[in-house]
Structure formats: C-alpha cells, structure tokens
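Bear in mind these aren't lab numbers, they're just calculated from the coordinates by the rules spelled out. Owing to the predicted nature of the structure, the values given are computational and were not obtained by experimental measurement. Methodologically, a virtual Cβ is constructed for each residue, glycine included, from the backbone with ideal geometry; neighbour enumeration extends over all protein chains shown.
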Amino acid sequence: MTEVQVSPEVAGYTEVHRHPEPKSFIWKYIFSVDHKVIGIQYLLLAVVAVFVGMALSLLVRLRLIWPNESLPLLGDLFPVGAPGGVMTPEFYLAMLTMHGTVMVFMVLTTAPQGGFGNYFLPIQIGAADMAFPRLNMLSFWATFVSFMLLMAAFFVEGGAPMSGWTGYPPLSAVPEATVQGIGQDLWIASIAVFCIASLLAALNFIVTTLDLRAKGLTMMRLPLTCWTWFVTAILALLAFGVLLAAGVLLLMDRNAGTSFFVPGGLVVSDRQIDHSGGSPILWQHLFWFFGHPEVYIAILPGMGVTSHILSTFARKTVFGYKAMVYAVLAIGLLGFVVWGHHMFVSGMSPYSAFVFAILTMCIGVPSAIKTFNWIGTLWGGKIRFTSPMLYSIGFVSLFVTGGLSGIFLGQPTVDLYFHDTYFVVAHFHLIMGVAAIFGMFAGMTFWFPKMFGRMMDEGLSKIHFWTTFVGVYAIFGPMHYLGMLPHPRRYAEMSDVDYLLTTGAEGLQQFITVAAVLTILVQFLFLYNFVRGIFAGKECREENPWEATTLEWAVPSPPPHDNFAGKVPHVYRGAYDFSLQGAKRDFAMQCNDDKAVYGDQPGSGD
Amino acid sequence: MATSQGAATSTVPATLTPADAPPGIEGGGDFVTLPPVREGGWEGPSGEDRIVQRYKLGVWVGMGGILMFFAALTSAMIVRQGLSGDWLPFSLPPVLYVSTAVLVLSSFTIERARKELLQSNPDALRRWVNVSACLGLAFLACQLLGWQALSGRGIYLASNPASSFYYLLTAGHGAHLLGGIAALGYIWARVRGSRPWPTRVAAVEATALYWHFLDVLWIYILGLLLFWR
C-alpha cells in the first residue's frame, strides 16, 4: 500500500484499514466501493442526464415558437414523432415528460446527494467510507440501470411516454389513451428501480451520519452540508417507498387489468375502457406525498452547500447555526404535510385545501429563517468573490424569487387561476430547478480542487455565472407574466388562441426561446471548463486552497483511498470558526485544538 | 462561541497504535465469545460491537422505508374501498393461519440460532439457521397455496380491488421475506469461512432483527386483510 502523508492538521489515531485499495481498472473505477469514485460516477451520470434534459427542453422551446416549421435533422432522428421535421403535439408532450423526469430524478436527485453527498459526507465526518460500501455501489448501479430504462423509452415503438413527469392517470394507466405502448411501462420500471436505489442510498447516508462521526464531532458540530444530506436522506427514505408502491399499482393497472386509478365508464376514442371504480385522485395523493418531499430532496443539499460556502468566503461563522439546523429539520417535517397544495384544482374539499394552505404558509417561516441567516452571514463579512461564492449568492437570489411566487400558489383561490399556467412553470423552475442547479455549480467549483487536485478556471466560471444568472431570469421571469395572462402550460401551440396573440404572449415566448438557446449554449462553457479542469486545470496540490475549516480540507487533494490514511481525526470545534479573536490565523479547522489555534497564550480560548 | 459547543470528553489518548485497537477487526477467524456491550459513549475507532450496532441500525432504518411502502398500500386500500361500491369482500383461505403459525415459529428458531452464536456453537448455529430458512420457505409455500385456493374460487388479481390488494400485499411481503432467506443463506455459507468475527455477529443479529420485523409485518397485513374487508 502506498504511504500517504496526511496533514499534521489531522491529529488523530490510527485505525486499521477497512478495505484494501483495488488495483485493477474494473474494481477501481467501475465496480468501485470507494465512496469517492461512486460520488464521481453519480456526478458524471448527472452531467450526461442534464445535457439530455437540456436538449429536450430545447425541442420543447422550439416547438412552442415554430409549431409548424420543419427543423433540420429532426425528421431523420424521429420519423414518427417529427415527420418531415415538424414535431407533432404528441411528440411535444413526450419531450416535456422526459425533460421533467430526467431533470427531477436523474439530475436534481442524483448530483447533490449521490454525487457531492457521497464524496464529501464521509470525509467531512472523518470516516474512511460510507457505512455500507457495497450497498453504496449497488445504489449507483441501480440508478444507472434506471437511467438506461428511461432512455430506452425513446427507442421503443410508440416512443417516449407523454403523461408528464407526474404520470397522471388515466393518461398513464390506460394504454389506449395515448399512442404510447411500452414507453410508459419503461418509465414506470425506471422510476421503480430508481426508488429502490434511492432507498438503499438513504439508508446508507443515515447510518453513516449517525454512526461514523469522528470523535468530538457532535451532531451540533456537523457542517451544515452534512445536516442537509442527513435530512435529505430521511426524506428520501420515507418518500420513495410511497412512490414505489404507487408505481407498482400503476403498473398493475396498465398490465394486469386492476382498477386502482382508472375510473369506471371511461371512454377513450369511442371505446369504453374495461376498468371500474378507481380514482386518478388516489394516484395524485400517493404521487404528491412523494412529490413534495422530493422538492426538498432536490433543494436541501443546495441550501447546505450555500450556507457552507457563504460562511467560508465571508470569513464569518454561519449566522445562527442552530437556527439553520432547526430550520432544515422543520422544512423536512413540514414537507410531508403539504402535498395537497399540488392538488387544489383536483376538486378537493375547500376545508382540506384550507388546511394544506395554512401548512404551506408555515414552510415560509423556516425558509425565511434560512434566507435571513444567509444575509446575516454575509453582513459585515470580509467577502471573497470567488466563483463558488457567486453561485451561492445566486442560489439565495433564485431561492427568494422562486419562493415568493410559492406564497401566491399556496393560496387555493389564487392557485385555481394560476395552476395550469406558466406561472407555475416559472415558480418551480426557479426554486427547484435552477436554484438547485446553482447549488451544484457552487459545490462543483468549490470542491473541484479537492476532487481532482486541479482548479477550474475562475475567469470562465465567472463568465458562466453571470451569463447563466441573467439567462435564467430572462427565461423564467417573463413566464410569470405569461401565467397571469393566463397562458396555459403543457399546450403544444397557441396559434389560434386570440387573447394570447393580442397580449404580446407570442413575442415573449420567442424571447424566452432565444434566452433559453443562449443559456443552454453557455452551459457548454461550463462543461468545457469542467473537462479542461480535470485534465489541464491549474494544478492545486494544496490541501486547503480556500482556507476552509472542515475536515475534507485537512486531507490531500485528491484524498487517498481511505481518506485519512488509516487515521481517525479528532474534532475540537464547530464547523465555521472564522475570524476568531486572538487566533493565529483567521480560521480554525475542526481538527485544530485550542493550542493549534491560539498558541500558548493562556485564557485566549473558549 | 462554537469552540465550547459540546466539549468532547478526552478520555482517549491523542494517538493510538494499531496494537491498542480491539482485537478481531481483521482476520481472527476464531469463534470467540462476544465482548461485553459497551456502555454508551465513544470507546474507540473500531470497537467490534460498533459493527454489530451499525448493521442493526441499518436494519432499523431500512424498516422505516419498508413501513412507508406498506403504509402507502394500506392507505390506498382504505381509500379505494371507500371510493365506489365495487368492493367485494371474500373470506381468506384458511391456509393463511398455517403460514402465520409457521412464520411465528421461525422467529423462535432464529432466536435459537442467535443464542447458539453467542455461545460460540457454529454447528448448532448452522442447524438452526437451516431450520429457520426452511420454515421461511414453508411460509412462502403456504402463501402460494393461499393464492391457489383463491384462484380456485375464481378470485384473481384483477377480479376485484379487494383481491388486488390481497395479492399485492402478500406478494410484497413475500418478496421481502425472500431477502431474509437470502440473508440466512449468506450466514450459512459464511459462518465457517474466514470472515472476521464482528461481521458474522453483525450478519446474524441484523438478519434476526429483520426476520422479526417481517413476522410482525405479516401479522399486521393479516389483521388488515381480516378486519378491513
């Protein structure tokens, strides 16, 4: 085994190695049980998925402004969905469905938790690996299979499903209702496998956080990143089981003739469907019981990364650490009792709607606590405007903008008007999509030197930040106005909708498409920066280039196979000790004891 | 401020050589008695019982996910029953009571296996693991007989929502029990091998816990099918 020098910052003691370092390519990089390799595998999967998802959104945007134009190449690629290069409305819906599914499951759920969480949770808590490394490998490969199943839906007869990422029956449950055949089945199978993968991963994250923390690392000394990964894992554990059950029922309805979600007397294409007595609303309840926690599964890790980075680059401790922890817990708890606000237009009792609305408003409280604490962290700080810092500030901006429109939509009376309009599209993209993605940009640029021992180009990152930041507001800002017109969402075209044409909606849609194309192009700049960074970025073998405090910055870049070279670090302090009075440096790492921080001056500690 | 938060009790020396680490973490194929359970607090980096605790914690957490799966099916069943007037209750096949008895019995045999492990008796451990796995398979066979009895009466998966839930709940439980049987097979195969001692204890303890959980889960499902018809 190669001898690895670990920083003297890690004053710990030796532990016996848990599993030896693999030598062959397959066991080292493919079927690896090393959490760091698995983390990067998740990240690469998410990078592939995000470009697939963006390509799909591009098709959606093009169809919206050129419903009847022939687009080059498209006719050859999709002879059925886009004959002669003109996308059919069904094809539009299929692209919409797949865009949502790919982005929500394969990007927003995998990268923040499976990617960054896998890589950095064990290192930040001073562990050699996750609690169950082989289970971890299984989680990733199940996720990979799930992604392949989903991609296969493009290539089967009838093409990809078109019942939306929410898979609402009867569209999803009755094969006769759409031209789709096996595509929808593949979609359900993919989601079911994804559920199992996520459940196993959640189990692993929870046990790791509870059981593998280094000595002295109490729960209230955990970095906020770890707290958000931990709470996200709890949400995933409790939510994905429900989606799995719903998926099984839906699969039975499609293929075994049961009637869980299909109502009686349903007539499709002048033919009575042979089902009776089920309810599509039952699916909505089961789906959204998963779906709302899923929103927090996507966004919570971004919140953790943002708190972490704002503190690091403002050189200040996180404002109200305990309040931040309790806010995350409160968001997690409340996230399970607000699912009904996705269903205000389903004909639910106004009394239920009232309760769901009140509970939804309650989530505003912990969200506001977090936002004010982020601002409080920045206030009076010695801010270093690095690219991770910019992305994190961008996250706060997008979270506030997307959150405010959530307060509108949480009101049943207002939601009745807005529900099926672009207002909702603007809301959830800003808060769940783009904010979470900015969290990933922040995490990627922040941890890149640790993961690869090289830096991404700061200049390119900053150009990417500003263009993307302006770009996403240009895309989703006008959608609020479209929603107020109200421009219905999910419609493939609006050629004959007079009131839309006279209110400038067409021009706005064109503007949005142009903004979307430009913003998508800019993402290739990030991809270039990322790939170039891995192979030719500025070398950065320094352990702690950002002068940060948590344990991952006390190990070499990239970290050795078992992170601390057989040692178990001691933790002496909280995660955000910056600008301490009387200290030798302006920061104290978690593994520094008072002597290391203050020298031998008596009484300077505490 | 943060420096004094949750001050660590520094009873462990700053450096510890591998020689000080508790024995048995690596190699150590001997069948020795289980060390005493630690009394709270954080004792060392690689205490044997820590691994046992970890695996048991994993099972406890996993139960949460499995419970949510069956909670979702339960709520779907209750809602579906109240939706429309097409719910046709049917009497459960009597063989279910046999299968219940078999499964409850298997929980006792698993406990016996656990006891043999703690008394360092590998042959008896393997024997009782075998018995438990056979009882598990017998349970599954009884469940299949239950399906056969129902289909003999013309009640299939799609006949009625009541029967749909019957088939789904029993199948869901059976699939989880198959996992338990696989774990018993793993113990049976590995108990003589060169696995380190703590991982063997962990495997037996975790499997026993999981098995008891499936036992209780089945009694819950049976109650649901009996009393929520």
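At q = 0.10, 0.17, 0.18 Å⁻¹ the log10 of I(q)/I(0) for the stretch A:156-298 amounts to -0.43, -0.90, -0.97, computed by Debye summation with a single uniform scatterer per C-alpha, solvent ignored.
Across peptide B:66-75, the average count of Cβ atoms from other chains found within 10 Å of a residue's Cβ is 6. Classification of the protein assembly as shown by its C-alpha gyration tensor yields an oblate form. The axis ratio a/c (a ≥ b ≥ c) is 1.5 or more, and b/c is at least a/b. Ordering A:Leu56, A:Pro175, A:Gly376 by the projection of their Cα atoms onto the charge dipole of chain A, which places +1 on the Cβ of Lys and Arg and -1 on the Cβ of Asp and Glu, puts A:Gly376 at the extreme positive end. What percent do you get for the relative contact order of the stretch A:541-606 when only Cα pairs under 8 Å and 6+ apart count? Relative contact order, the stretch A:541-606: 29 percent.
Karplus-derived 3J(HN,Hα) values for the stretch A:108-114, using 6.51 cos²θ - 1.76 cosθ + 1.60 with θ = phi - 60°, are 5, 8, 7, 5, x, 8, x Hz; glycine and proline are entered as x. Positive contributions from Lys and Arg (+1) and negative ones from Asp and Glu (-1), summed over other residues with Cβ under 13 Å from the Cβ of A:Lys36, come out at -3.
Ranking A:Phe578, A:Phe31 by Cβ neighbours within 10 Å, fewest first, what do you get?
A:Phe31, A:Phe578
Between B:Lys115 and A:Ile383, the simple spin-label model (points 7 angstrom out along Cα→Cβ) gives 6.9 nm.
Charged side chains reduced to their Cβ positions (Lys and Arg at +1, Asp and Glu at -1) give chain A a dipole of some 1320 debye around its Cα centre. Site-free segments of chain A were taken between GluC sites (Glu not before Pro) in DSSP loops having at most 16 other Cβ atoms within 10 Å, sites themselves excluded; the longest one is A:158-492. Centroid-to-centroid, using Cα positions, the stretch A:521-547 and the stretch A:220-238 are 27 Å apart. Placing +1 on each Lys and Arg Cβ and -1 on each Asp and Glu Cβ, with no other charges, gives the stretch A:341-540 a dipole about its Cα centre of roughly 960 debye. The Cβ shell under 13 Å around A:Val262 holds other residues with a net charge of -2, Lys and Arg each +1, Asp and Glu each -1. Here A:Met389, A:Met95 are placed in order of increasing Cβ neighbour count within 10 Å, fewest first, which gives A:Met389, A:Met95.
Selection among A:Met494, A:Thr413, A:Gly439 by position relative to the dipole of the stretch A:341-540 gives A:Gly439 as farthest towards the positive end (Cβ unit charges, Cα centre). The H on the amide N of A:Thr386, modeled in the peptide plane, is under 5 Å from the matching H of no residue at least 5 residues off or on a different chain. Proximity of backbone amide H atoms, modeled 1.01 Å from N, is registered between A:His570 and A:Ala11, A:Gly12 at under 5 Å, excluding neighbours fewer than 5 places apart on the same chain. Taking all Cα pairs closer than 8 Å and separated by 6 or more residues, the relative contact order of chain A comes to 17 percent.
In chain A, the calculated helix contribution to ellipticity at 222 nm averages -19000 deg cm²/dmol per residue, counting -39,500 (n - 2.57) for every DSSP H run with n ≥ 4. Going from the fewest other Cβ atoms within 10 Å to the most, the residues A:Cys540, A:Cys195, B:Cys142 appear in the order A:Cys540, B:Cys142, A:Cys195.
Peptide A:254-266 shows a mean partner chain C-beta count of 4 within 10 Å per residue C-beta.
Listed values for the stretch A:457-463 are Karplus-derived 3J(HN,Hα) couplings in whole Hz (6.51 cos²θ - 1.76 cosθ + 1.60, θ = phi - 60°), namely 6, 4, x, 4, 4, 5, 4, and x replaces Gly and Pro. Loop-located trypsin sites (Lys or Arg not before Pro) in the stretch A:19-95 (DSSP state other than H, G, I, E, B) with a sparse environment of at most 10 neighbouring Cβ atoms within 10 Å: A:Lys23.
So if R0 is 35 Å, what FRET efficiency would A:Asp274 and A:Asp498 give, r being the distance between their Cβ atoms, rounded to the nearest 0.05?
According to the calculation, E is roughly 0.30.
Loop-resident trypsin sites (Lys or Arg not before Pro) (DSSP state other than H, G, I, E or B) in the stretch A:506-547 with no more than 13 further Cβ atoms inside 10 Å of their Cβ: A:Arg541. Across the stretch A:541-606, the fraction of Cα-Cα pairs farther apart than 20 Å, rounded to a whole number, is 31%. Taking other residues whose beta carbon is less than 11 angstrom from the beta carbon of A:Thr317, and scoring Lys, Arg as +1 and Asp, Glu as -1, yields +2.
Dipole check for the stretch A:541-606: with +1 at the C-beta of Lys and Arg, -1 at the C-beta of Asp and Glu, and the Cα centre as origin, the magnitude is about 100 Debye.
Since only A:Gly332, A:Gly291, A:Gly75 are under comparison, the one whose Cα sits farthest along the positive direction of the charge dipole of chain A, derived from C-beta charges on Lys, Arg, Asp and Glu, is A:Gly332. What does the C-alpha gyration tensor say about the overall shape of the stretch A:341-540? Classify as rounded when a/c is under 1.5, otherwise prolate if a/b is larger than b/c, or oblate. Cα axes put the stretch A:341-540 in the oblate bin.
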